[in-house]
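Please treat every number below as a calculation from the coordinates, not as lab data. Quick caveat, the model's predicted, so the values are computed rather than measured. All Cβ positions, even for glycine, are placed from backbone atoms using ideal geometry, and neighbour counts span all protein chains on display.
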Amino acid sequence: MTEIHGTCDARFGAVRDAFAANFDRGADVGASVAVHLDGEPVVDLWGGFADRDRTTPWDRDTIINVWSTTKTMTFVAALMLADQGVIDFDEPVARYWPEFAASGKDGVLVRHLMGHTAGLSGWQEKLTPEDLYDWEKATSLLAAQEPWWEPGNGSGYHAITQGYLIGEVVRRVTGQSFGTFFRSEIAEPLGADFHVGFGPELDDRVALVITPPKPERPEVFPPMMVPTMANPLVLAKQSWDRAWRQAEIPAAGGHGNARSVAAVQSVLSAGGEARGVRLFSEATARRVLEEQAHGPDLVLGDQLRFGLGYGLNSNELPVGRGEAVAFWGGYGGSFIVNDLDRHLTIAYVMNKMELGTVGGPRSTALVDAAYASLEA
């Protein structure tokens, strides 16, 4: 039986039980879970091992690459800048990034970047995985490129490109790289141990992801899956590299644990302020619930409903309870849920990867337990 460490409010004992059960059935090797209510932590648990061989314990301050859960950090940054009037979701991207107007993209709006509807889910020019470490190349190619479908007309998951697109807007309006802006304006004020690009000083705390099983080849690929996901082809082991950790890859390269993910995201669920730090107004927070697309995603193939950045609750993909739920997850299983009506945030981070991007049985069990605790 895996020993579970940390703190858990008695009211949320079901979350501890569900977390332990994931280990007991062999679903997890090392992991952490955090729950915040009204912006305050009520669950902060971790357990298991940081490595495949189970020789190094997963400690309180273990961090790991969380893949697309990183995207939710770019959304918080964009909300903050929108609340300050620095950017406007309904304005053209080219207002802030003039070169982006090339190839017929003068009408692409900032909300199209947020909602995966910009038509730039991948790069037209052939890239190597190492090209992701070259910010100027990655962004300039996207600025020059024609959209692959009519912007605003349906979603196509911008798996890697979304971070460069939003991140470049952040850079243009603040004069800071995304990682620098996030660290100084969001992570440090909130005391969040989450990093988008960092030096070797943190390497001794980084757990390596345990690569997922090989996916079965689908009979029919969604129309944009191959050009999006295969150029460049990013394998899980790439996150082991120092160059990956050093680079700022705001859609997939963030490192943290459940505590740090929840520390940032609880600002959203609590209406723009948590633990004495206000990043935006409640009205701005609730803008994430504005639907941008709902239907078959051109990249993932699933029926998805996107708001401003986050996935939204739907009949096809139910998450949490009610209409005010904003969520997303990372390749392999990490997951974050924000319930803006209940002021509830649930975060889960792990090293043993499974297939998929929007959670799975492990995170579902934790989310269900958190809601059951709240409703008891």
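In the range 353-370, the residues that are within 16 Å of Ala236 (Cα to Cα) and without any contact (Cβ under 8 Å) to a residue 60 or more places away in the chain form Cβ pairs under 9 Å with partners that are buried (at least 20 other Cβ atoms within 10 Å of the Cβ) and of a type outside the set (Gly, Ala, Ser), at six or more places apart or across chains, as follows: Gly356/Tyr331. Listed by first and then second residue, the pairs linking a residue in the range 229-243 that is under 18 Å from Glu354 (Cβ atoms) and touching a residue at least 24 places away in the same chain (Cβ under 8 Å) to a residue that is charged (D, E, K, R) and surrounded by 17 or more Cβ atoms within 10 Å (Cβ to Cβ), with Cβ atoms under 9 Å apart and 6 or more places separating them unless they lie on different chains, are Ser239/Arg245. Restricting attention to the range 104-117, which residues are part of a loop (DSSP other than H, G, I, E, B) and either of a type outside the set (Asp, Glu) or surrounded by 24 or more Cβ atoms within 10 Å (Cβ to Cβ) (or both)? Answer for the range 104-117, where residues must be part of a loop (DSSP other than H, G, I, E, B) and either of a type outside the set (Asp, Glu) or surrounded by 24 or more Cβ atoms within 10 Å (Cβ to Cβ) (or both): Lys105, Gly107, Val108, Gly115, His116, Thr117. For Arg11, the criteria (1) within 23 Å of the chain's Cα centre (by Cα); (2) surrounded by fewer than 22 Cβ atoms within 10 Å (Cβ to Cβ); (3) within 21 Å of Leu340 (Cα to Cα); (4) of a type outside the set (Asp, Glu) hold in every case but one, which is (1).
Once the range 197-213 is narrowed to residues that are closer than 30 Å to Gln303 by Cβ and assigned to a loop (DSSP other than H, G, I, E, B), the residue that is nearest to the chain's Cα centre (by Cα) is Val209.
Going through the range 262-282 one residue at a time, which ones are in a helix (DSSP H, G or I) and not β-branched (Val, Ile, Thr)?
Restricting attention to the range 262-282, the residues satisfying the condition of being in a helix (DSSP H, G or I) are 262-269, 282.
Passing the criteria: Ala262, Ala263, Gln265, Ser266, Leu268, Ser269, Glu282.
Selection within the range 214-248: residues that are under 14 Å from Phe198 (Cβ atoms) and in a loop (DSSP other than H, G, I, E, B). The member of this set that is nearest to the chain's Cα centre (by Cα) is Glu248.
Criterion applied to Leu127, Leu120, Leu165 was being aliphatic (A, V, I, L, M) and either without any contact (Cβ under 8 Å) to a residue 24 or more places away in the chain or part of a helix (DSSP H, G or I) (or both), and the one residue passing it is Leu165. Looking only at the range 316-351, how many residues end up being touching a residue at least 40 places away in the same chain (Cβ under 8 Å), farther than 17 Å from Leu45 by Cα and either outside any loop (DSSP other than H, G, I, E, B) or of a type in the set (Phe, Trp, Tyr) (or both)? Matching residues across the range 316-351 total 6. Filter the range 118-154 down to residues that are of a type in the set (Ser, Thr, Tyr) and in contact with a Pro (Cβ under 9 Å, 6 or more places away or on another chain) and give me whichever is surrounded by the fewest Cβ atoms within 10 Å (Cβ to Cβ). Going through the qualifying residues, I end up with Thr128. Only residues that are within 23 Å of Ile210 (Cβ to Cβ) and not hydrophobic (A, V, I, L, M, F, W, C) were counted in the range 305-355, giving 10. The set of residues in the range 293-322 being polar (S, T, N, Q) and closer than 20 Å to Thr70 by Cα consists of Asn313 alone.
Screening Asp17, Asp44, Asp28, Asp51 for residues that are farther than 20 Å from Asn338 by Cβ, of a type in the set (Asp, Glu) and crowded, with 20+ Cβ neighbours inside 10 Å leaves exactly one candidate, Asp28.
Restricting attention to the range 205-220, which residues are of a type in the set (D, E, K, R) and under 20 Å from Gly179 (Cα atoms)? Give the derivation first.
As a first pass, look at the range 205-220 and keep what is of a type in the set (D, E, K, R): 205, 214, 216-217, 219.
Once the filter is applied, which keeps residues that are of a type in the set (D, E, K, R) and under 20 Å from Gly179 (Cα atoms), the range 205-220 yields only Arg205.
When we screen Arg259, Arg172 for residues that are in contact with an Asp or Glu (Cβ under 7 Å, 6 or more places away or on another chain), part of a helix (DSSP H, G or I), of a type in the set (D, E, K, R) and touching a residue at least 12 places away in the same chain (Cβ under 8 Å), the only hit is Arg259. Within 16 Å of the chain's Cα centre (by Cα), closer than 26 Å to Ala20 by Cα and not in a strand (DSSP E or B): is that true of Ser373 in this structure? Spelling it out, it is not the case that Ser373 is within 16 Å of the chain's Cα centre (by Cα), closer than 26 Å to Ala20 by Cα and not in a strand (DSSP E or B). Checking Arg275, Arg286 one by one, the residue that is at positive phi, basic (Lys, Arg) and over 17 Å from the mean Cα position of the chain (by Cα) is Arg275 and no other.
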